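Structure, as structure tokens:
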Amino acid sequence: MVRLVALILLAAGSLAAQAIDGTALLIRIRQHVRESIVDVPNYTCLETMDRTTTGPKGHEEFRERLRVEVLVADHKELFAWPGSTDFADADFGNSMVDWIDAGAIGTGNFWTDLHNVFVASGTSVSYAGLAGVDKSLYRFDFHVPSLSSRYILSIAGKTATTAYSGSFWVDRNSLDLVRLDTRAEDIPPDLDCREESTSATYGRVSLGGKERLLASASELEIVDRNSYRSHNAVVFTGCRHYGAVSSLSFDDRPASSTTREGARKELKLPADVTLALKMDGPITMEESAAGDEIVAVLDKPVKSGDILLAKGTRVLGRIRRLERYSRARQFGSPGAVTMVALEFYAVDSREGLIRFKARLTGPVAMATERISRLRGPEFTTGEEGLDIVDDGASSGVGRFRVPGKNLRLARGFRTLWKTE
């Protein structure tokens, strides 16, 4: 009996030693997170999004990869195309939603979510115990009522502010935030959304001479009333202090014309100039993304007034759309279709950047001519040339469809454009 009682007392003492004052711990964690986010300098990260939509039976119906530059400045998240300094708010000056047809997209991973949970007073938080395989994490659950919420859902043009709940996990040793999960609650019935959830992971990055807590990845999922599931997986890379220096950046390419010393003139191509372009590198669904900078070269010389451009002159552009529809009946195709949109906007000449806006005009193959002879064996659409959806006469962004799931536009892929 004595030994048995001794064992029980030992066990009780061990449990008492593990007891945690959740309130005191939360105060320490909040202070720790605040110190990391209150005086963060302006910074940018490259944001790569993989966006998919799956049907009620689990079949993938839509896929897109998109890359943007996100700028966190004065507690706001602003966005621009990679290599650009023309930052705007989340709707890209209303141009972003114009060419995103499907899928989920969200903001708030950097500062907003952290501020709402760890700084704002309207959030109720409770300690939920130890977590992780080796019990190395503290878990807390939280809830934000609709009156205190800034959690905004926008579905098919309708917008609502909802209450939300979630959990976060903190490293026991460093008190660093490891993960933050949220889910919308009390979603209005007139909003075509049955479920919405977000999960973000965090890590330390050196900014302004100090280690800062930043988002490293996130996942957003929205399920509509018909059980269609939209998923957005995001990875943040290359985070760095932001300085307002305007430049054109083409990584891993010769730093020739766009980085020459001295001031450069900006010219403009007149209207009705035909540009025959050949891609300087491939575009694939696996490696490329909407937002990527691209380079083509002139396949034929151009002479217009005083402007003379030799064959092989570099032309700067960007992928503006890269979407795969697995069942593209809306495009008149029973099988998979990839939507590609390209924009070319400047010739990189010796005299300087020559700006232009152009519409996509082809090429168009003759009925008896194999399209593969025009573009190489890696791209085949039949015998009728590019299936142009929008020539870009008003926008400068030419869109065309390519049948099949495994898109690969080979190096040397040819397109024809006419300046406006």
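The values are calculated or read from the model by the stated rules, or taken from the named source; none is laboratory data. Computed from a prediction, not measured in an experiment: that's the story for all the values here. Backbone-built Cβ (ideal geometry, glycine too); neighbour counts: all protein chains shown.
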task = For the range 268-276, state whether one or more residues are closer than 30 Å to A233 by Cα, hydroxyl-bearing (S, T, Y), part of a strand (DSSP E or B) and touching a residue at least 40 places away in the same chain (Cβ under 8 Å).
result = no
ask   = Assuming Y43 fulfils every condition listed in (1) out of contact with any Lys or Arg (no Cβ under 7 Å at 6 or more places or on another chain); (2) surrounded by 18 or more Cβ atoms within 10 Å (Cβ to Cβ) apart from one, which condition is it?
value = (1)
key: Test set (1) in a loop (DSSP other than H, G, I, E, B); (2) at pLDDT 60 or above; (3) more than 21 Å from A289 (Cβ to Cβ) - R411 fails condition number   = (3)
request  = Tell me which of these I354 doesn't satisfy, since it passes every other one: (1) of a type in the set (A, V, I, L, M); (2) more than 18 Å from L267 (Cα to Cα); (3) modelled with pLDDT under 95.
outcome  = (2)
ask   = Considering only residues of the range 395-420 that are among the hydroxyl-bearing types (S, T, Y) and under 29 Å from E61 (Cβ atoms), which is surrounded by the fewest Cβ atoms within 10 Å (Cβ to Cβ)?
value = S395
key: Filtered residues of the range 277-309 (kept if surrounded by 18 or more Cβ atoms within 10 Å (Cβ to Cβ) and in a strand (DSSP E or B))   = L277, K278, M279, I283, A290, E293, I294, A296, L298, V302, L309
note = When every residue in the range 138-188 that is hydrophobic (A, V, I, L, M, F, W, C), touching a Gly at 6+ places or on another chain (Cβ under 8 Å) and surrounded by 18 or more Cβ atoms within 10 Å (Cβ to Cβ) is compared, the one farthest from S230 (Cα to Cα) is F140
ask   = Conditions: (1) surrounded by 20 or more Cβ atoms within 10 Å (Cβ to Cβ); (2) at pLDDT 90 or above; (3) in a helix (DSSP H, G or I). V33 meets all but one. Number of the miss?
value = (2)
ask   = How do the pairs read when you match residues in the range 193-218 that are modelled with pLDDT of 85 or more and aliphatic (A, V, I, L, M) with residues anywhere that are surrounded by 14 or more Cβ atoms within 10 Å (Cβ to Cβ) and part of a loop (DSSP other than H, G, I, E, B), using Cβ under 8 Å and keeping only pairs 6 or more apart or on different chains?
value = A200/N109; L213/D176; L214/F110; A215/N109; A215/F110
query = In the range 152-186, which residue that is touching a helix residue (DSSP H, G or I) at 6+ places or on another chain (Cβ under 9 Å) and part of a loop (DSSP other than H, G, I, E, B) is farthest from A120 (Cα to Cα)?
reply = S174
query = Just to be sure, is T107 assigned by TED's automatic domain parsing to the domain that holds R212, over 24 Å from R324 (Cβ atoms) and at pLDDT below 80?
reply = yes
ask   = Looking only at the range 115-137, which residues are surrounded by 12 or more Cβ atoms within 10 Å (Cβ to Cβ), out of contact with any His (no Cβ under 8 Å at 6 or more places or on another chain) and not in a strand (DSSP E or B)?
value = N116, V117, F118, V119, A120, G122, G132, S136
request  = Identify all residues within the range 389-411 that are over 12 Å from R320 (Cα atoms) and not basic (K, R); write none if there are none.
outcome  = V389, D390, D391, A393, S394, V402, P403, G404, N406, L407, L409, A410
task = Give S197, S230 a once-over and let me know the one that is of a type in the set (G, A, S) and either surrounded by fewer than 16 Cβ atoms within 10 Å (Cβ to Cβ) or closer than 29 Å to S136 by Cβ (or both).
result = S197
